[in-house]
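> Mind having a look at this structure? Questions to follow.
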Amino acid sequence: MTANLLILGGTTEATALAGALAQTGVRGTVSFAGRVARPARQPLPQRVGGFGGPQGLAAHLEAEGVTHLIDATHPFAAQMSANAVAAAEAKGVPLIALTRPPWAPRPGDRWIRVPSLAAAAEALARPACTVLLAVGRVHLNVFAGAPQHRYVLRLIDPPASPPPFPDHRVLIDRGPFDAAADRAMMAAEGVRIVVSKNSGGTGAYGKIEAARALGLPVILIDRPAAPPRREAGSVAEVMDWLDAHAGAERGV
Ligand code: NAP
């Protein structure tokens, strides 16, 4: 049996992993949810769209003859990660998650840690100011209860419907973002507070560094709990795991 990998993607790390895998000639597909209009080009074949819950993913694993499942989704993609665990278990397909540690505070950080998007919105119950809201366009409605602020929205695609606050500015851009550029943008926009998920990794860290440099508070949303599963902290670790599990099949 030849190895046939399914990589649940949508992150910088997933793209890096796909690049490393493509070098080895192993067969694999990168899967996207379809949240952004133009996902980053992958060095492996790609597919787009949900599978239809854990049962749908399990059926896909079987139909496509997937031998190894790699969850390289974003740490906030909790549903997909839970589905991956359930489907892999149901079909006896080995699973590994490519993860990144959450950001830890450094001297100068002024973090207000909150457990959820809703709690982040509640933390914005304060006098009007300019807020950098960097949580993705699908979550903007959560902040409808704090319409007094001027919002700077950095998004990959324009919002599908008008954001639920009258005063906003949309910046269309995709990471990785640079701290110096983020600092300049935040100063130019008069940003006074930042709202961010604790995504970890480097691609979205620029705004955190910029907030530190500018002395601004960051409302930082903690990650949802990850399900119990095998995890790797780097592309190299995933490659080692694959060598151990699929080496014979790949002939290495
Ligand atoms: P989610 O809430 O965990 O997933 C919701 C549903 O979207 C899943 O049940 C699944 O539908 C589908 N889905 C999610 N990821 C998929 C993938 N890679 N391939 C195929 N279907 C997928 O996830 P989310 O927060 O919406 O994130 C969606 C994607 O965006 C992920 O690939 C993630 O890596 C990326 N992303 C997320 C964030 C974030 O902050 N959440 C940030 C950057 C990138 P079915 O149940 O129908 O299979």
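The values are calculated or read from the model by the stated rules, or taken from the named source; none is laboratory data. Source: prediction; values computed, not measured. Cβ sites come from the backbone with ideal geometry, for glycine too, and all protein chains shown count toward neighbours. In case anyone asks, the SASA skips ligands and DNA or RNA and just uses the protein heavy atoms, side chains included. Shrake-Rupley method; radii C 1.70, N 1.55, O 1.52, S 1.80 Å.
> Among (1) closer than 25 Å to PRO176 by Cβ; (2) touching a residue at least 60 places away in the same chain (Cβ under 8 Å); (3) within 16 Å of the ligand (Cβ to nearest atom), where does ARG137 come up short?
(2)
> Would you tally the residues in segment 16-33 being modelled with pLDDT of 95 or more, β-branched (Val, Ile, Thr) and away from the ligand (no atom under 16 Å from the Cβ)?
Here the count works out to 0.
Residues checked against (1) among the basic types (Lys, Arg); (2) within 21 Å of THR11 (Cα to Cα); (3) within 11 Å of the ligand (Cβ to nearest atom):
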position	(1), (2), (3)
ARG35	yes, yes, yes
ARG41	yes, yes, no
PRO45	no, yes, no
GLY49	no, yes, yes
ALA58	no, no, yes
GLU64	no, no, no
THR67	no, no, no
ASP71	no, yes, yes
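> Write out, first by first residue and then by second, each pair whose Cβ atoms fall under 7 Å of each other, whose residues are 6+ apart or on separate chains, and whose first residue, in segment 72-85, is under 11 Å from ALA33 (Cβ atoms) while the second is more than 6 Å from the ligand (Cβ to nearest atom).
That search, which allows pairs on different chains as well, returns THR73/SER81; HIS74/SER199.
> Would you check if THR12 is closer than 30 Å to LEU216 by Cβ and within 13 Å of the ligand (Cβ to nearest atom)?
So THR12 passes the test.
> Oh, and also: Can you name the strands (runs of 3 or more DSSP E) wholly within segment 153-252 that have at least 3 residues being open to solvent by less than 60 Å² (accessible area, probe 1.4 Å) and within 23 Å of TRP103 (Cβ to Cβ)?
193-197, 217-221
> Taking ARG113, is it modelled with pLDDT of 95 or more, within 16 Å of the ligand (Cβ to nearest atom) and in a strand (DSSP E or B)?
No.
> Let me ask something else about it. What pairs come up if the first residue lies in segment 197-215 and is within 14 Å of THR11 (Cα to Cα) and of a type in the set (S, T, N, Q), the second is part of a helix (DSSP H, G or I) and open to solvent by 10 Å² or more (accessible area, probe 1.4 Å), and their beta carbons are under 8 Å apart, counting only those six or more places apart or on different chains?
THR202/THR12
> Determine whether PRO107 is assigned to a loop (DSSP other than H, G, I, E, B), free of Cβ contacts under 8 Å to residues at least 24 places away in the same chain and either of a type in the set (S, T, N, Q) or surrounded by fewer than 13 Cβ atoms within 10 Å (Cβ to Cβ) (or both).
yes
> Please specify each residue of segment 187-205 satisfying the condition of being closer than 16 Å to VAL152 by Cα, within 15 Å of the ligand (Cβ to nearest atom) and not β-branched (Val, Ile, Thr).
SER196, LYS197, ALA204
> Looking only at segment 48-71, filter to residues that are within 25 Å of ARG38 (Cα to Cα) and not hydrophobic (A, V, I, L, M, F, W, C); which one of those is nearest to the chain's Cα centre (by Cα)?
The selected residue is ASP71.
> Sticking with this one: Any residue at all in segment 80-98 that's under 30 Å from LEU124 (Cα atoms) and either open to solvent by 60 Å² or more (accessible area, probe 1.4 Å) or more than 9 Å from the ligand (Cβ to nearest atom) (or both)?
Checked segment 80-98: no residue is under 30 Å from LEU124 (Cα atoms) and either open to solvent by 60 Å² or more (accessible area, probe 1.4 Å) or more than 9 Å from the ligand (Cβ to nearest atom) (or both).
> Just to verify a result, which residue in segment 36-74, among those that are hydrophobic (A, V, I, L, M, F, W, C) and open to solvent by 70 Å² or more (accessible area, probe 1.4 Å), is farthest from ILE172 (Cα to Cα)?
In this case the residue turns out to be ALA63.
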